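Here's the structure we're looking at; comments come further down.
The values are calculated or read from the model by the stated rules, or taken from the named source; none is laboratory data. Here the structure is a predicted model, which means the values were calculated and not measured. With ideal geometry, Cβ positions are generated from the backbone for all residues, glycine too; neighbour counts draw on all protein chains shown. Please note that ligands, DNA and RNA were not included when accessible areas were found on the heavy atoms of the full protein model with its side chains. Shrake-Rupley method; radii C 1.70, N 1.55, O 1.52, S 1.80 Å.
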Number of protein chains: 2
Amino acid sequence: MTRLEQQLTFSRELDKLKGVLRQSMLMDASRRENSAEHSWHLATLAILLVEHVEEPVNLVRVLKMLLVHDVVEIDAGDTFAYDTTHVATQNEREKRAAERIFGLLPDEQGRELRGLWEEFEHRRSAESKYANALDRLQPIMQNLYSGGQSWKKHGVTRAQVMDRMRAVEIGLPKVWPTVLKFIDDACAAGYVQE
Amino acid sequence: MTRLEQQLTFSRELDKLKGVLRQSMLMDASRRENSAEHSWHLATLAILLVEHVEEPVNLVRVLKMLLVHDVVEIDAGDTFAYDTTHVATQNEREKRAAERIFGLLPDEQGRELRGLWEEFEHRRSAESKYANALDRLQPIMQNLYSGGQSWKKHGVTRAQVMDRMRAVEIGLPKVWPTVLKFIDDACAAGYVQE
């Protein structure tokens, strides 16, 4: 295959991410969100909020990272953040998925994108800390504005949400007070258990 | 409102793009594609195919442009490319939408993103030519691999598809032979009328 054929094969494969459903609902609560539109929403947030980061980031690296950070779910599925059983096997499933999916691309291009996915997972670089903060901030807004259905369904507690949201405190400290307010609102509305 | 509040208000508004349905289907033909996941797919294509452009582009500008190029559809709806009645009123409807939606943002940020949307529409800069080429290439793949339902439903002809695809010849000439092959395949399969 030519490089272009490999790239279009990968792009065709990516279409499947539109069928991977997350636990979060759209804000109008009409249906569950899929991982492709979630990734788009994160990338737009990255453009909007970049002025609030403390450590400077390379925006194009952040965007690439966010746009591909969930593609392993095509094989591995979306793992609900508060589902401890599935979280335990998540790494192994996602690693195999990365092997296959990024392996569809020309070698060095697959390595670059796989590297960005791993960087996102490791949360050490400035870019990945920012990307992870957005990956927490967007779902809390989805959950809050859709009436907390996903939280209620799973009996999620304030301590669990606080723990999950720490990535915002790390990657976007200036947005942390807003997140604390969201958590208070979610508890006050009875969406999240005290 | 603080800048952050304005930005999060805009982000909350963007959620509605996930509910704007296009004529194209997902490749598995299970349902119509929405404009949010379409925008994500275009942005990933922009990352993959940038080596094939002839005029150098600033990738971060291309990504920003593609990520916001359809947000006016939140108010104006998606206009089917081959629907001449709606295409006639499209500009006016989209201009009003841009006013309202980008107007939710802090001034200079709204101006920047609105400017990128206008640049996309005008198709003069290298970035917008590349972005428009991708905005044609992705739907032809959606249509071809989903069995041509959208083309068949609207009785689309080879001449119409050829005309629509010229943006690929302009923005991604190296990919043009592949698109010609896609069109031949679509005609041979009876998805598009000769």
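Details
- Any chance B:E119 is in a helix (DSSP H, G or I), out of contact with any Asp or Glu (no Cβ under 9 Å at 6 or more places or on another chain) and surrounded by fewer than 21 Cβ atoms within 10 Å (Cβ to Cβ): no
- Residue satisfying condition, being in a helix (DSSP H, G or I), β-branched (V, I, T) and closer than 20 Å to B:K16 by Cα, within set B:I47, B:I74: B:I74
- Boolean, B:H86 is closer than 28 Å to A:V50 by Cβ, in contact with a Ser or Thr (Cβ under 7 Å, 6 or more places away or on another chain) and without any contact (Cβ under 8 Å) to a residue 60 or more places away in the chain: no
- Looking across the stretch B:128-166 at every residue that is open to solvent by 20 Å² or more (accessible area, probe 1.4 Å) and of a type in the set (S, T, N, Q), the one that is modelled with the lowest pLDDT is identified as B:Q149.
- Residue match in the stretch B:48-68 (condition: under 25 Å from A:V68 (Cβ atoms), away from chain A (no Cβ under 12 Å) and open to solvent by 40 Å² or more (accessible area, probe 1.4 Å)): yes
- In the stretch A:88-116, the residues that are open to solvent by less than 50 Å² (accessible area, probe 1.4 Å), part of a helix (DSSP H, G or I), within 14 Å of chain B (Cβ to nearest Cβ) and out of contact with any Gly (no Cβ under 8 Å at 6 or more places or on another chain): A:I101, A:Q109, A:L113, A:R114, A:G115, A:L116
- Residues in the stretch B:1-42 that are over 22 Å from A:L137 (Cα atoms), free of Cβ contacts under 8 Å to residues at least 24 places away in the same chain and open to solvent by 40 Å² or more (accessible area, probe 1.4 Å) were compared, and the one that is farthest from the other protein chains (Cβ to nearest Cβ) is B:R32.
- Answer residue from the stretch B:69-87, given it is of a type outside the set (A, V, I, L, M, F, W, C) and open to solvent by less than 40 Å² (accessible area, probe 1.4 Å) and is farthest from the other protein chains (Cβ to nearest Cβ) among those: B:T79
- The C-beta contact set for the stretch A:116-141 (first residue on the phi > 0 side of the Ramachandran plot, second residue charged (D, E, K, R) and in a helix (DSSP H, G or I), distance under 7 angstrom, 6+ apart or interchain) comprises A:R123/A:K129.
- Candidates B:V179, B:V175 - the one that is open to solvent by less than 20 Å² (accessible area, probe 1.4 Å), touching a residue at least 24 places away in the same chain (Cβ under 8 Å), within 27 Å of B:R31 (Cα to Cα) and assigned to a helix (DSSP H, G or I): B:V179
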